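Taking it in order: structure first as structure tokens, then the write-up.
Derivation of every value follows stated rules applied to the coordinates shown; laboratory data play no part. Everything numeric in this text was worked out from a predicted model, so none of it was measured. All Cβ positions, glycine included, derive from the backbone under ideal geometry; neighbour counts span all protein chains shown.
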Amino acid sequence: MADGLEDYDAVVKAVEDLVDDWAKTIKDVAKKLADIKEEMDKIEALKKQRDAAAKDAQDASAELQKKIWALKVSPKADPQPFPKLPDAVSKMIKEGGVPLGNSGVTLAPSNWKFQPPPNFKVQSGGIELKIKW
């Protein structure tokens with residue numbers, strides 16, 4: 001901007017030019033802000049959907065837990081997966097395995113999975129071989 005504008009019309013023209021430049025910048029920024037607000041509104045709507053879905057999942061989990069606790073298990077159901085094992089063998093298994101003599105080798109159950117009551121049938125499992133050196 002020129003210093004010392006003496007002509008009033010020139011001053012008005014200079015101010016109009018400055019305001020026009022500012023208006024163009026503001027118009028561009030306002031458009032960007034409107035676009036950003038639109039995207040933020042979409043994000044807020046997605047957040048509400050996410051929160052509703054999370055609540056639905058929590059409700060479903062609570063309902064499942066309620067139904068599981070409401071299951072009636074027969075008092076005749078045997079909670080022992082190996083009811084016919086001798087007490088000595090059961091005790092050895094609980095204590096870490098069945099020793100094979102004085103060799104330092106022990107067989108131990110590993111990752112056994114059973115059907116839920118009242119069946120308690122073995123679904124999977126393995127045996128771990130432990131060796132003491």
TODO: Evaluate E = 1/(1 + (r/R0)^6) for LEU100 and VAL122, where r is the Cβ-Cβ distance and R0 equals 35 Å; express this FRET efficiency to the nearest 0.05.
DONE: 0.95
TODO: Measure off 7 Å from each Cα along the Cα-to-Cβ vector at ASN111 and LYS55, then give the distance between these two points in nanometres to one decimal.
DONE: 4.1
Task: HN-Hα J in Hz across the range 62-67 - Karplus 6.51, -1.76, 1.60, θ = phi - 60°, x for Gly and Pro - done: 5, 5, 4, 4, 4, 5
Open item on the list: I'd like the FRET efficiency for LYS27 and ASP7, computed as 1/(1 + (r/R0)^6) with the beta carbon distance as r and R0 of 25 Å, rounded to 0.05.
Closed with: 0.30
